[in-house]
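The values are calculated or read from the model by the stated rules, or taken from the named source; none is laboratory data. Source: prediction; values computed, not measured. Using ideal geometry, Cβ is built from the backbone for each residue, glycine included, and neighbour counts are taken over all protein chains shown. Please note that ligands, DNA and RNA were not included when accessible areas were found on the heavy atoms of the full protein model with its side chains. Shrake-Rupley method; radii C 1.70, N 1.55, O 1.52, S 1.80 Å.
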Amino acid sequence: MGSGTRFRQILAKNGLVEAMAAHSPLSAMLAAEAGFDAVWASGFELSALYGVPDVSVVSMTQHLEMTRAIVERSGLPVVADIDTGFGNAINVLYAVEQYERAGAAAVVMEDKSFPKVTSLVAGGRQDMVRIEEFQGKIEAARAARRDPDFVIVARTEALIAGLGQDEALKRARAYEAAGADMVLVHSKQKTPDEIEAFVHAWDGKVPIALVPTAYPQMTVARVRALGKVGLLIWGNHAIRASVAAMRSTFAQIRRDGGIQGVEAGIATVEDVFDLQGMRTVKDDEKRFLR
Ligand code: SPV
Ligand code: MG
């Protein structure tokens, strides 16, 4: 079964797919271990991993190769963040072919112009492409997928760009009409009001996807109560958790002049061995090394 089909089956069964962000196979494995339904191969997280801003500096190839590695190790359907599709509709044809071949279940493509600027930054330059141009990119994505179950999520940044509800709804309707399987609407308001107003006003048939980073009051229960939402993405919590954990561990080692004080608070070496599959290596050694 293709991973797009698995994604659709989870959606049909649970009514909501809950995806955790990842920037590496290891973070994706921990998301699977925690019980999330899917992995969000986040562009922001991968950019941060490389220590660069999320402004189309990380190349498609870098993100694609990480997505492939995440697919291989996580075992979960992977929702790939392909930003703007890395260019125009011609670039989208190639990107979708590659991401589907890498084993992704879905791509999320946003209606900003290339190169993009990360959405949540204060005062960010948020230039959008014309609706017709983005419809062409959605149609290109549909034309490029081999499996009709491969999920194409069209993301509108109208609220992020400050263009208001009417423009967001107009774009979402146009993207559904162009064949998107889902519409992601993003907001950087500090409360869920803006997003809830959008969801209430949504009159389309396709489910909505949300990334409630800026408005953390939005819980799974609240999303379910809203209805209409099919994909919930916890957008950047893997990299932020890593930054906080590394920073405090490193600082304590510097303070203490040694590592003894951090031992209890970090993963054991055996834990990491287990994640790496060292048990299997030991079994394989017994079996094959003569
Ligand atoms: C990402 O995680 O890369 C996203 C979500 O696109 S956000 O950074 O909030 O735009
Ligand atoms: Mg992104």
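Matching residues to (1) in contact (Cβ under 8 Å) with a residue 12 or more places away in the chain; (2) closer than 26 Å to residue 219 by Cα; (3) in a helix (DSSP H, G or I); (4) more than 16 Å from ligand 1 (Cβ to nearest atom):
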site: 4; (1), (2), (3), (4): yes, yes, yes, yes
site: 29; (1), (2), (3), (4): yes, yes, yes, yes
site: 40; (1), (2), (3), (4): yes, yes, no, no
site: 52; (1), (2), (3), (4): no, no, no, no
site: 62; (1), (2), (3), (4): yes, no, yes, no
site: 69; (1), (2), (3), (4): yes, no, yes, yes
site: 73; (1), (2), (3), (4): yes, no, yes, yes
site: 86; (1), (2), (3), (4): yes, no, no, no
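The residue of segment 237-282 that is farthest from residue 72 (Cα to Cα), among those that are of a type in the set (Gly, Ala, Ser) and in a loop (DSSP other than H, G, I, E, B), is 257. In segment 138-160, the residues that are within 21 Å of residue 205 (Cβ to Cβ) form Cβ pairs under 7 Å with partners that are open to solvent by 20 Å² or more (accessible area, probe 1.4 Å) and among the hydroxyl-bearing types (Ser, Thr, Tyr), at six or more places apart or across chains, as follows: 149/5. Within segment 92-113, the only residue that satisfies the criterion of being away from ligand 1 (no atom under 14 Å from the Cβ) and within 17 Å of residue 54 (Cα to Cα) is 113. Among the residues of this structure, residue 24 does not count as one that is outside the structural domain of residue 274 (by TED's automatic domain parsing) and within 13 Å of ligand 1 (Cβ to nearest atom).
Would segment 93-102 turn up any residue that is without any contact (Cβ under 8 Å) to a residue 24 or more places away in the chain and open to solvent by 10 Å² or more (accessible area, probe 1.4 Å)?
Checking segment 93-102: at least one residue is without any contact (Cβ under 8 Å) to a residue 24 or more places away in the chain and open to solvent by 10 Å² or more (accessible area, probe 1.4 Å).
In a residue-by-residue description of segment 67-87, the property of being under 28 Å from residue 161 (Cα atoms), open to solvent by 50 Å² or more (accessible area, probe 1.4 Å) and aromatic (Phe, Trp, Tyr) applies to no position.
Could you list, in sequence order, the residues of segment 161-180 that are in contact with a Lys or Arg (Cβ under 9 Å, 6 or more places away or on another chain) and surrounded by fewer than 24 Cβ atoms within 10 Å (Cβ to Cβ)?
Result: 161, 163, 176, 178, 179.
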